1. Report relative contact order for the stretch 1-160 in percent, whole number only (criteria: Cα-Cα under 8 Å, sequence separation at least 6).
2. Please check: in the Gaussian network model of the chain (C-alpha springs, under 10 Å), which one of 233, 32, 67 has the largest mean-square fluctuation.
3. Mean shadow of the stretch 99-238, computed from the convex hull of its alpha carbons, in nm²?
4. Which value, to two decimals, describes the C-alpha radius of gyration of the stretch 45-160 once divided by 2.2 N^0.38 Å?
5. With everything on Cα atoms, drop me the angle between helix 12-21 and the longest principal axis of the chain, reported from 0 to 90° to the nearest 10.
6. So what is the relative contact order of the chain, in percent, for Cα pairs below 8 Å that sit 6 or more residues apart?
7. How large is the helix-only mean residue ellipticity at 222 nm for the chain, computed as the sum of -39500 (n - 2.57) over DSSP H runs with n ≥ 4, divided by its residue count, in deg cm²/dmol to the nearest 500?
8. Can you classify the stretch 172-282 as rounded, prolate or oblate using the Cα gyration tensor, where a ≥ b ≥ c are the square roots of its eigenvalues, rounded means a/c under 1.5, and otherwise it's prolate if a/b beats b/c and oblate if not?
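Each value in this text was obtained by applying a stated rule to the coordinates, not by laboratory testing. All figures in this text were calculated on a predicted structure; none of them were measured in a lab. Cβ: placed from backbone, ideal geometry, glycine included. Neighbour counts: every protein chain shown.
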């Protein structure tokens with residue numbers, strides 16, 4: 001098996017929907033389980049690096065830093081709408097079974113990200129769909145987060161004002177906020193599929209012409225009312241992006257049951273890629 005395989009943990013109801021409809025939801029980054037999403041970068045990391053930036057800043061650069069702070073205080077960055085789906089690098093993790101797959105009764109679905117997008121990076125907001133979709137590993141190490149931010153902002157502070165450094169700064173913070181996460185969650189080993197949505201009047205303007213993505217759709221999650229876009233996995237790749245399924249340690253189905261189910265729904269997954277958790281959790 002070739003490619004960048006990552007795993008989506010889910011309850012049986014969600015698993016059945018994905019297998020039967022071949023659709024994967026990308027949800028607004030603002031309404032995920034971690035309440036510090038995005039704010040972690042804007043309200044903590046950015047503030048933490050300011051001392052070092054200010055210690056070397058000219059009067060003009062200090063002015064720019066103050067402008068960035070003014071924009072952050074208004075939370076203008078909420079206008080940058082990323083839609084994401086969260087995966088783990090590993091398909092059989094007890095913490096993931098407990099947190100996202102009905103306490104081990106659910107599934108993890110192995111998806112080949114290379115069949116969805118060739119952009120192994122955080123995407124920029126763009127009118128071109130192909131440049132608006134990418135995947136990236138989440139960064140938990142706070143020292144690495146600081147270094148990346150310092151490197152980026154050392155360059156931004158040197159920009160000529162005609163190049164719009166304020167907008168560049170906010171866009172870079174927003175991009176990095178999509179993959180910078182509180183180290184508390186490091187055990188999830190998360191990888192994200194990220195869509196940078198250009199939205200006007202509740203319509204997404206940069207959907208692709210093939211119908212791979214569709215939306216916006218409204219739904220209610222465990223936290224609030226939110227929105228999502230739907231990705232058609234068969235339109236991404238005729239052989240489907242799904243290449244593996246792992247049954248949770250409390251799952252009552254057999255691997256043969258699931259092999260028949262996926263085949264009946266037109267998915268080509270090898271029988272030896274339908275696996276049962278090695279865990280003895282009960």
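1. Numbers: 148 pairs, mean separation 61.3, N = 160.
With pairs under 8 Å counted, the relative contact order is 38 percent.
2. 67
3. Details: hull surface 44.3 nm².
Its average projected convex-hull area is 11.1 nm².
4. Numbers: Rg = 19.1 Å, N = 116, 2.2 N^0.38 = 13.4 Å.
Ratio of Rg to 2.2 N^0.38 Å for the stretch 45-160: 1.42.
5. Taking Cα atoms only, the helix is inclined about 90 degrees.
6. About 28 percent, as a whole number.
7. Using -39500 (n - 2.57) per qualifying helix, the result is -9000 deg cm²/dmol.
8. The shape class here is oblate.
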